[in-house]
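Nothing in this text is a laboratory measurement; each read-out follows from the coordinates by a stated rule. Since we're looking at a predicted model, the values are computed, not measured. Reconstructed Cβ throughout: ideal geometry from the backbone, glycine too, with neighbour counts over all protein chains shown.
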Amino acid sequence: MLRIIRKTDDGSPTFHVPCMNESYHSMYGAVQESDFVYIDKLLRPLNHPVIRIFEVGFGTGLNALLSWREAEKKKKHICFHSIEKYPLKKKEWKEFGKVLEEWNGDLSGYIRMHACEWEKDVKMGDFFKLQKINADFAGYETEKKYDAVFFDAFGPEVQPELWTEKIFKKIFRMMEPGGVLSTYSSKGIVRRNMQSAGFSVQRITGPPGKRQMILASKPFP
Ligand SMILES: C[S@@+](CC[C@H](N)C(=O)[O-])C[C@H]1O[C@@H](n2cnc3c(N)ncnc32)[C@H](O)[C@@H]1O
């Protein structure tokens, strides 16, 4: 899959995938979007003794990196599992890292995160453990339970098979009651499929450039 690095409006980089005409993040600001949708709206309000997060789409690792920084800053224990079907090649994450470094400075954490082993819980810092899972989420099954889900697949226009009721039912089973899911898409079909899967769904104001996003929760029985 050809991926081209592009700078977004906040100066942070993203990848563009020409064959899908799709980017990994909002062109209004990659870090701005990740920080808004996943950190501010979902992670920051959580206060479990250990927060177990599952992410669909590890990609550049930006959401994982921001979660790690939040964990160390707020001294919150986070166990972060992220699934990825098309991992970046070493050359790609290194080139992406150079642009991220121009924008953000310290890259040591980013490199460790990409270089670490897959399919293993790896202690990245005092408060953050990461497991990267190289698999297709469509065929993935686990008995593990999570408190939060970052749903960050490609958009429902280009990847409708990942935004179905069946997929959201699988995520629902993977979550603890009271667990919360966040995603950047607010499409009607996404909201309806989540509701059919059992979620309580809220559309809230989105990050700059996006009118709305979705926060969904698994109700207590
Ligand atoms: C919108 S990008 C977001 C990536 C990431 N969260 C980031 O911040 O860079 C979507 C990601 O989902 C991955 N993906 C697409 N289909 C997948 C699948 N069936 N299973 C697992 N990952 C998938 C893509 O390869 C891509 O890395």
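Peptides 15-21, 83-89, 65-71 ranked from most to least packed give 65-71, 83-89, 15-21, packing being the mean of other C-beta atoms within 10 angstrom over each peptide's residues.
The mean sequence separation of alpha-carbon pairs under 8 Å and at least six residues apart, normalised by the residue count of segment 29-217, gives a relative contact order of 23 percent.
In this structure, the pairs whose alpha-carbon distance is over 18 Å, taken from Lys73/Lys218; Lys129/Lys169; Lys169/Lys210; Lys41/Lys218; Lys74/Lys129, are Lys73/Lys218; Lys129/Lys169; Lys169/Lys210.
If you add up the charges near Ala216, with Lys and Arg at +1 and Asp and Glu at -1, over every other residue whose beta carbon is less than 11 angstrom from its beta carbon, what do you get?
Residues close to Ala216 contribute a combined charge of +3.
Our helix-only sum for the chain, with -39,500 (n - 2.57) per DSSP H run of n ≥ 4 divided by its residues, gives a mean residue ellipticity at 222 nm of -8000 deg cm²/dmol. For segment 195-206, the Karplus equation 6.51 cos²θ - 1.76 cosθ + 1.60, evaluated at θ = phi - 60°, returns couplings of 5, 5, 7, x, 6, 8, 10, 10, 9, 10, 4, x Hz by residue, with Gly and Pro reported as x. About its Cα centre, segment 139-187 has a charge dipole of approximately 120 debye under the convention of +1 per Lys or Arg Cβ and -1 per Asp or Glu Cβ, with nothing else charged.
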